[in-house]
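Here is the structure we will look at.
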């Protein structure tokens with residue numbers, strides 16, 4: 001990706017106060033680490049309407065820095081120790097709570113969390129309330145893509161009202177996205193794994209933790225793809241690929257004359273397929289390698305998340 005820098009037109013618009021807010025935020029963040037662009041913006045501001053005022057301020061600061069003239073001074077007043085405010089024991093740290101909620105993002109405050117709990121509770125209800133033997137295979141099939149929904153509603157213009165401010169702040173971009181993704185995984189991984197552990201087990205069904213590496217690999221793949229098309233579109237695309245890969249063995253076709261009838265396969269065959277796809281050293285090693293590759297690609301694409309119009313149509 002070609003490095004982005006402030007051009008003369010944007011610098012002049014910023015100096016005149018006519019630059020759009022996302023562009024102005026992006027410029028202010030960029031000049032913190034780019035000296036050449038900082039010089040270009042400074043020169044544009046000095047040439048603008050604010051130039052004379054800045055010159056007067058600069059002259060006043062230099063005069064004050066030179067030191068005042070020597071004058072006879074009055075005897076110093078006796079020092080009085082300043083009263084220190086008494087700390088309030090047990091006072092709520094609202095600032096810390098607000099920062100945690102902002103970092104966690106909309107995912108942990110929206111409908112995704114409710115949907116996650118309903119899936120877990122529904123699996124337990126089907127297994128023990130309705131006696132459905134395929135509860136664990138279905139949970140293992142859904143679990144890897146459930147974190148994708150949380151990532152999709154965590155970051156981007158369409159889901160976060162504070163997105164432009166967050167993306168333009170020093171802690172925004174990929175750092176904020178990874179923080180929110182970690183919050184999503186910290187909730188979904190233990191909840192879904194514990195739910196799978198309490199469901200009835202059998203020799204054909206993979207273990208409750210067999211989905212963890214596949215879920216991590218799919219999440220990282222969605223982040224990498226999101227650097228091109230945005231998190232929401234990327235999460236939907238990765239989930240669709242996963243669903244398509246499962247639909248091939250789960251659904252069977254039986255030709256009856258010229259017509260094609262589609263019927264679901266037994267739960268035992270779904271369990272056998274999931275065991276081959278998720279269980280064992282070879283399968284888990286493949287998912288681990290895929291997660292490592294996606295992590296490396298994400299590092300290479302990290303600058304794509306810095307611009308405020310990340311994920312917009314046409315933005316790559």
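Buried (at least 19 other Cβ atoms within 10 Å of the Cβ), at pLDDT 85 or above and not in a loop (DSSP other than H, G, I, E, B): does that describe residue 270?
Numbers: buried (at least 19 other Cβ atoms within 10 Å of the Cβ): yes; at pLDDT 85 or above: no; not in a loop (DSSP other than H, G, I, E, B): yes.
So residue 270 fails the test.
So, in segment 29-44, exactly how many residues are surrounded by 14 or more Cβ atoms within 10 Å (Cβ to Cβ), modelled with pLDDT of 85 or more and either within 17 Å of residue 3 (Cα to Cα) or in contact with a helix residue (DSSP H, G or I) (Cβ under 6 Å, 6 or more places away or on another chain) (or both)?
Looking only at that region, the number is 8.
Checking the condition in a helix (DSSP H, G or I) and either in contact (Cβ under 8 Å) with a residue 60 or more places away in the chain or surrounded by 13 or more Cβ atoms within 10 Å (Cβ to Cβ) (or both), which residue from 55, 19, 11 passes? Don't jump to the end; show me each part of the working.
On the way: 55 fails: either in contact (Cβ under 8 Å) with a residue 60 or more places away in the chain or surrounded by 13 or more Cβ atoms within 10 Å (Cβ to Cβ) (or both); 19 fails: in a helix (DSSP H, G or I).
The conditions single out 11.
Within segment 115-158, track down each residue that is in a loop (DSSP other than H, G, I, E, B) and in contact (Cβ under 8 Å) with a residue 24 or more places away in the chain. Reasoning before the result, please.
Looking only at segment 115-158, we keep the residues that are in a loop (DSSP other than H, G, I, E, B), and these are 130-134, 153-158.
The answer is 133, 134, 153, 154, 155, 156, 157, 158.
The values are calculated or read from the model by the stated rules, or taken from the named source; none is laboratory data. All of these numbers come straight from a predicted model, not from anything done at the bench. Heads up, the Cβs are rebuilt from the backbone with ideal geometry, glycines too, and the neighbour counts pull from every protein chain shown.
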